[in-house]
Ligand code: SIN
């Protein structure tokens with residue numbers, strides 16, 4: 001019997017009573033899946049998972065994606081994206097050092113964006129007894145529901161363009177600004193022509209209907225949305241600034257403070273997330289992420 005305890009106002013719940021390293025019967029899995037879709041973000045503490053167990057549990061939700069950034073994949077487990085500030089013995093990053101710098105949902109720039117992601121915490125930075133490197137999650141369904149009716153009307157049928165190239169340029173700019181401030185700069189990986197071709201820009205609705213729950217959420221994010229289609233640049237900039245600010249208001253957010261052994265999953269159809277970079281080496285953060293493919297947006 002699992003227990004589900006709601007934590008955040010609009011999203012976020014803890015599931016207890018499950019050891020994911022043990023075989024999981026269909027009935028328990030169905031309860032976990034229901035809790036997940038009801039709460040948009042769920043987490044289980046104190047898990048001890050091998051990479052294979054993490055992958056196997058993730059696969060129960062659908063086919064897994066291997067990230068376009070090949071160098072950040074876990075050797076032997078291409079479905080696992082390593083998210084970490086750790087360097088190997090040659091001072092090479094063991095994974096993606098900058099995942100989650102901007103508010104985003106995973107793979108929103110793909111024709112078939114991700115349904116959900118599962119992040120497993122292995123090492124969490126701690127300073128003076130306080131865990132650092134929290135992740136914030138924002139509910140885009142709550143944000144959509146809170147919009148005035150006339151804005152909902154205005155957004156109906158509107159499309160926006162999500163672009164990996166836009167994200168890469170934005171990230172580069174942020175790196176330059178960080179370098180100018182003497183702040184943290186991370187190794188940048190160039191994507192090959194072939195990799196870039198695999199992630200062309202996509203045009204998707206501003207208001208997206210969830211493929212499982214049918215709830216409506218805002219599918220616009222600061223990392224990947226380059227512009228709103230079919231309007232002037234000024235109008236697009238104004239609308240994006242408004243929506244991106246609106247979505248991440250404190251009342252729509254659940255903030256997760258990590259502990260080693262946390263397995264947390266979020267719904268990429270209706271949740272955006274952002275990492276907190278308030279730690280640096282020698283404080284280490286090591287997480288493994290799997291990403292479940294979702295359907296093309298209808
Ligand atoms: C991500 O954006 O997938 C990583 C989030 C995090 O590291 O907190």
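Within the range 267-285, the set of residues being assigned to a strand (DSSP E or B) and more than 9 Å from the ligand (Cβ to nearest atom) comprises 267, 271, 272.
Candidates in the range 61-87 are the residues that are more than 23 Å from residue 267 (Cβ to Cβ) and within 12 Å of the ligand (Cβ to nearest atom); of these, the one that is farthest from the chain's Cα centre (by Cα) is 85. So is residue 90 in a loop (DSSP other than H, G, I, E, B) and under 19 Å from residue 198 (Cβ atoms) or not? For residue 90, the condition - in a loop (DSSP other than H, G, I, E, B) and under 19 Å from residue 198 (Cβ atoms) - is not met.
Name the single residue that is surrounded by the most Cβ atoms within 10 Å (Cβ to Cβ) among those in the range 145-167 being in a strand (DSSP E or B) and more than 16 Å from the ligand (Cβ to nearest atom).
Restricting to residues being in a strand (DSSP E or B) and more than 16 Å from the ligand (Cβ to nearest atom), the top hit is 160.
Among the residues of this structure, residue 288 does not count as one that is assigned to a loop (DSSP other than H, G, I, E, B), within 15 Å of the ligand (Cβ to nearest atom) and over 30 Å from residue 158 (Cβ atoms). Before we move on, is residue 213 away from the ligand (no atom under 16 Å from the Cβ) and either touching a residue at least 60 places away in the same chain (Cβ under 8 Å) or surrounded by 20 or more Cβ atoms within 10 Å (Cβ to Cβ) (or both)? Against the criterion (away from the ligand (no atom under 16 Å from the Cβ) and either touching a residue at least 60 places away in the same chain (Cβ under 8 Å) or surrounded by 20 or more Cβ atoms within 10 Å (Cβ to Cβ) (or both)), residue 213 qualifies. Does at least one position in the range 4-23 carry a residue that is free of Cβ contacts under 8 Å to residues at least 24 places away in the same chain and under 22 Å from residue 138 (Cβ atoms)? Within the range 4-23, one or more residues are free of Cβ contacts under 8 Å to residues at least 24 places away in the same chain and under 22 Å from residue 138 (Cβ atoms).
Can you find even one residue in the range 197-210 that is within 18 Å of the chain's Cα centre (by Cα), surrounded by fewer than 16 Cβ atoms within 10 Å (Cβ to Cβ) and in a loop (DSSP other than H, G, I, E, B)? The answer is no; no qualifying residue exists.
Go over the candidates 36, 57, 43 one by one and state the one that is within 22 Å of the chain's Cα centre (by Cα), in a strand (DSSP E or B) and under 14 Å from residue 263 (Cα atoms).
Working: 36 fails: in a strand (DSSP E or B); 57 fails: in a strand (DSSP E or B).
Within the list 36, 57, 43, the selection yields 43.
In this entry, residue 259 passes the filter for residues that are more than 17 Å from the chain's Cα centre (by Cα) and either closer than 23 Å to residue 15 by Cβ or in a strand (DSSP E or B) (or both). Given the condition loosely packed, with under 15 Cβ neighbours inside 10 Å and under 16 Å from residue 162 (Cβ atoms), answer yes or no: does some residue in the range 216-230 qualify? Yes; the residues of the range 216-230 include at least one that is loosely packed, with under 15 Cβ neighbours inside 10 Å and under 16 Å from residue 162 (Cβ atoms). Among the residues of the range 229-249, not a single one is under 18 Å from the mean Cα position of the chain (by Cα), assigned to a strand (DSSP E or B) and in contact (Cβ under 8 Å) with a residue 40 or more places away in the chain. Looking only at the range 268-284, residues that are crowded, with 24+ Cβ neighbours inside 10 Å and in contact with a strand residue (DSSP E or B) (Cβ under 6 Å, 6 or more places away or on another chain) come to 4 in all. For the range 114-126, the count of residues that are out of contact with any helix residue (DSSP H, G or I) (no Cβ under 8 Å at 6 or more places or on another chain), within 23 Å of residue 50 (Cβ to Cβ), in a loop (DSSP other than H, G, I, E, B) and near the ligand (Cβ under 10 Å from one of its atoms) is zero. Scanning the range 96-114 for residues that are crowded, with 24+ Cβ neighbours inside 10 Å and within 21 Å of residue 77 (Cα to Cα) turns up 106, 107, 113.
Would the range 135-144 turn up any residue that is modelled with pLDDT of 95 or more and out of contact with any strand residue (DSSP E or B) (no Cβ under 7 Å at 6 or more places or on another chain)? Yes. Out of curiosity, is residue 142 in a helix (DSSP H, G or I), buried (at least 21 other Cβ atoms within 10 Å of the Cβ) and more than 12 Å from the ligand (Cβ to nearest atom)? Yes; evaluated as a whole, the condition is true for this residue.
The values are calculated or read from the model by the stated rules, or taken from the named source; none is laboratory data. Since we're looking at a predicted model, the values are computed, not measured. Every residue, glycine among them, receives a Cβ derived from its backbone with ideal geometry; neighbour counts consider all protein chains shown.
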